[in-house]
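Take a look at the structure set out below.
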Amino acid sequence: MTASVSAQHLGKKFLVARSDGPRSAYGYRTLRDDLTRLATAPWRLLSGKRDKKPAFQDFWALDDVNFEINRGEVVGIIGRNGAGKSTLLKILSRITKPTNGQVLLRGRVGSLLEVGTGFHPELTGRENIYLNGAILGMRRGEIQRKFDQIVEFAEIGPFLDTPVKRYSSGMYVRLAFAVAGHLEPEILIVDEVLAVGDMAFQRKCLGRMREVGTQGSTILFVRHTTPAVESLCTRPLLLDKGKVVHDGGVRELISEYHRRVLETQGETETDLEKIDGPQRIRKVFRSCSLLDEQGQPTNFLSLGSQFHLRVGLRSTTNFDFPTITIGIDDNLGQRVLTLQTPLSQPLIEQLRGGAVVECKVPQFPLAPGDYWVKLGLYVIPDEVDAIERVFRFTVAEAEVFGTGRGFHAGLCIAPSAWTFQETNVPTS
Amino acid sequence: MEALTEKSEKTLVHDEQRTLDEPPLTILQPARGWQLINVRELWQFRDLLYFLTWRDVKIRYKQTALGAAWALLQPALMMVVFTVFFGRLAEVDSGGIDYPLFVYAGLLPWSFFATAIANGGNSVVGSERLITKIYFPRLAIPFAAVGAAIVDFCVAFSLLIMLMFVNGVVPTWGFLMVPVIFLFILLAAVGMGTLLAAFNVAYRDFRYVIPFMIQLWMFATPSIYMDLEKLPDEKFNSGLVQTLLALNPMTELIAAFRDAVLGHAIPWDMLAYAAPMCLVIFLVGCFYYRKVEDTFADVI
């Protein structure tokens, strides 16, 4: 059987304006700039003065990407920001052309990179159904045939002849998805459109997509978070730095995804010497890093796994019985956890030269999300050194208690013991 | 399964190259530079073209008090202005025809041309969202913008009929040439519109260049407001001015349009020159557009 989608040595190059290049101010080409360059060209040639640096730099958003997708497969494309997912979707949906390689598509392609593309706020719901349908590639007859279904699916009946600019955002999204959901192409390409609308409608959309999937269409979609990928796709494709790094099983993918997504998010070992701040009375903190189970620096922590922070200290003056504080703030700057060296049993009796302090929390309780580390060193009651926002790390979703279930809701987790005792209900 | 076979059969009717086992194959490859106008694909997307035109027409006069009457009012007011300044004050020779009718017969095709290239030129930049989010033949955008100008032209044409009636001008066989002459104006408008649209993507400066260019072009098209025969020979038929004016096919087309409408002899020699020129503009515009359209999504 021939593949429904086949990408061969696919590459896409972008020119990125150099931050120090001659056109850095705008990044746009303007007629004025080009005319100026043209006019000054002879002078530049004569004076032998060329642009020292080219204005643009090559950036490969996709680099030698190969994959084959068979008919009926539901493939989820995932990867962190800048991995090349959107570029890949744009090439597959023919919005932009590849720089290298080729893609073979067998069947009618429908792409949904955004809900409501081409919706015009001044037009009514009815008019937008026709316009949007035509933009998505439906024929007029086809739209007419499906018109009632679309209206019913979108649940906008009474507002059909109201301009969509008067719609609530929920109605707008429902209408937009309803049109797109009735496209019925052989290859459907979807980008994050499910991230909109209320929960009930999202579920309805997922159901609709499954329906399309069982009709024998090939579906490709992009998500930034894993849960929907898991529940919907038969095969995930993980992109990183423009390359396919994982293609296959869902389970292995999730850990691979988290590792890739998070390890490169920022520097894992932070050099603290360069950081200045009003609270840095003495620069004692020298380094700080979060370590994984193998003792390698990381920015990523699976939910409920061990939190292991290593802090390097150096001092030329003496401090007696210093206290070390590790504060953990959430993305909004709210303190969610404070870890402190015991005051009764000082960790370090006297700090004269250097020291390495390690702190471990066996089952880290904070919910999936991004957190910031704050460090503080005190010789009670005086502050010696403190740094806000030393670095950021991410707690990623994982099965915690071996039940196969992931994180549900809340700010933290805790192991819990439950008892169940049957009581006799008196029969009366 | 039943639904599936039914679907495939339906597509079979649309597309002869398809068989049940082999759905249409699309190959996406790096841009190749110059390419032909894909007429077949445009035909497949004819409904899109229709709905985009229809949208432009609908949107244009939404939330205006006078609505579609503006399509009539704009050339009508222009006619009044021209009649006052050229007809009365400058006493431009209109070859014995009532000046309002004379100038309206010239303004009508010119307004179409000017609106079409202005709309076409700004159409692609204005459709950024569409271009970066979905595929369709890119030519549909400027084509639809020009299409909306055709609708305005048709509305404004009714006023011409009325003016003819008032002046007692009876259409002759030459009137049948009106659609043909209009077709050439249309070709030139589409060519200029697509060309400007493509330039506008790369250089936003064209947003400011276009209105100025249209104004200049109007003055370089004397047939809009005066009888070409009455142009002083020694000025018109000499050197640079003549060459410049001759390069502009609109001069001949508008004169020919008016002659066809008013029942004068059709200036075949003029048409013989202007028609191929329009074709050249059309082809240059479309081909250049096709050459650069692949980069629109990346550049816009």
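The values are calculated or read from the model by the stated rules, or taken from the named source; none is laboratory data. Source: prediction; values computed, not measured. Glycine also receives a Cβ, built like all others from the backbone with ideal geometry; neighbour counts cover every protein chain displayed.
Before moving on, here are some points about what is shown:
- Pick from the stretch A:173-192, criterion in a helix (DSSP H, G or I) and within 25 Å of the chain's Cα centre (by Cα), ranking: surrounded by the fewest Cβ atoms within 10 Å (Cβ to Cβ): A:Val173
- Breaking point among (1) modelled with pLDDT under 80; (2) touching a strand residue (DSSP E or B) at 6+ places or on another chain (Cβ under 7 Å), for A:Lys274: (2)
- Set B:Ala118, B:Ala156, B:Ala140: member being closer than 23 Å to B:Arg204 by Cα and either at pLDDT 95 or above or away from chain A (no Cβ under 14 Å) (or both): B:Ala118
- Hey, A:Leu194 at pLDDT below 85 and touching a Gly at 6+ places or on another chain (Cβ under 6 Å) or not: no
- Qualifying residue in the stretch A:114-121 (condition: surrounded by fewer than 16 Cβ atoms within 10 Å (Cβ to Cβ) and part of a strand (DSSP E or B)): no
- Neighbours by Cβ (under 7 Å, 6+ apart or cross-chain): first from the stretch B:194-211, more than 9 Å from chain A (Cβ to nearest Cβ); second assigned to a loop (DSSP other than H, G, I, E, B) and buried (at least 18 other Cβ atoms within 10 Å of the Cβ): B:Thr194/B:Leu139
- Some residue of the stretch A:104-115 being among the small types (Gly, Ala, Ser), more than 8 Å from chain B (Cβ to nearest Cβ) and closer than 28 Å to B:Asp298 by Cα: yes
- Boolean, A:Thr419 is in a loop (DSSP other than H, G, I, E, B), hydroxyl-bearing (Ser, Thr, Tyr), at pLDDT 85 or above and farther than 30 Å from A:Arg282 by Cα: yes
- Only listed residue being exposed (fewer than 12 other Cβ atoms within 10 Å of the Cβ), modelled with pLDDT of 80 or more and away from every other protein chain (no Cβ under 14 Å), chosen from B:Val39, B:Val84, B:Val80: B:Val39
- Tally, over the stretch B:27-36, of residues that are loosely packed, with under 10 Cβ neighbours inside 10 Å and not charged (D, E, K, R): 4
- If only residues of the stretch A:114-164 that are among the hydroxyl-bearing types (Ser, Thr, Tyr) and at pLDDT 85 or above are counted, the one that is farthest from A:Leu188 (Cα to Cα) is A:Thr162.
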